[in-house]
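Here the structure is laid out as structure tokens; the discussion comes afterwards.
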Amino acid sequence: MQYIPKYIDDLPQILLLDADEFIVLFIFFGFGIFLHQLIFFLIIGGIGVKILNISKTKKKGYIFHILYWYGLLNFKFLPNPFNRYYY
């Protein structure tokens, strides 16, 4: 069955993924074959596709917000995210 896009500017789909998501997964698949670590790089590629999908659906800066909120990204000019009460 042929995929018919809903909007005129939709990306083409390859194996149930958009073209840009498929490219990310395919690059990690290639690294996995080259380095003989296929399962590890497919998992990393899946995480990359998930992050790409989040960044397309959420607002700009959402991923930086999540990284800051959980303490994985530290800005010197912002307060500590683990302090919930400031006196």
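From the helices alone, meaning DSSP H stretches of at least four residues, give me the mean residue ellipticity at 222 nm for the chain, per-run term -39500 (n - 2.57), in deg cm²/dmol to the nearest 500.
So the helix-based figure for the chain works out to -17000 deg cm²/dmol.
Within the chain, how many Lys pairs that are eight or more residues apart, or on different chains, come under 18 Å at the alpha-carbon?
Qualifying lysine pairs in the chain: 4.
Quick one: if the Förster radius is 30 Å, what FRET efficiency do PHE31 and ARG84 give, using the C-beta to C-beta distance and rounding to 0.05?
Values: r = 41 Å, r/R0 = 1.35.
E between PHE31 and ARG84, to the nearest 0.05, is 0.15.
For Cα pairs less than 8 Å apart in space and 6+ apart in sequence, what is the mean separation divided by the residue count of the stretch 8-59, i.e. the relative contact order in percent? Let's see the in-between values first.
Details: 37 pairs, mean separation 14.4, N = 52.
Over the stretch 8-59, the number comes to 28 percent.
Counting other C-beta atoms within 10 Å, and keeping those with at most 16, which DSSP coil trypsin sites (Lys or Arg not before Pro) do you find in the stretch 1-65?
LYS6, LYS58, LYS59, LYS60
Within 10 Å of each candidate Cβ there may be at most 10 other Cβ atoms; applying that plus a DSSP loop requirement, which chymotrypsin sites (Phe, Trp or Tyr not before Pro) in the stretch 1-43 survive?
Taking the stretch 1-43 and a limit of 10 other Cβ atoms within 10 Å, the loop chymotrypsin sites (Phe, Trp or Tyr not before Pro) found are TYR3, TYR7.
Over the chain, what is the mean sequence separation of C-alpha contacts under 8 Å (at least six apart), divided by residue count, expressed as relative contact order in percent?
15
Over the Cα atoms of the chain, compute the convex hull volume and normalise it per residue, giving Å³. Don't jump to the answer; show the numbers that get you there.
Working: hull volume 13.9 nm³, N = 87.
Taking only Cα atoms, the chain has a hull volume of 159 Å³ per residue.
Take each complete run of DSSP H in the chain, measure how far its Cα atoms stretch along the helix's own axis, and keep only those covering 27 Å or more with mean Kyte-Doolittle hydropathy at least 0.0; list them.
Helices passing the filter in the chain: 38-57.
No lab work stands behind these numbers, since they all come straight from the coordinates. Bear in mind the structure is a predicted one, so any value in this text is a computation, not a measurement. Here the Cβ is made from the backbone with ideal geometry for all residues, glycine too, and neighbour counts use every protein chain on show.
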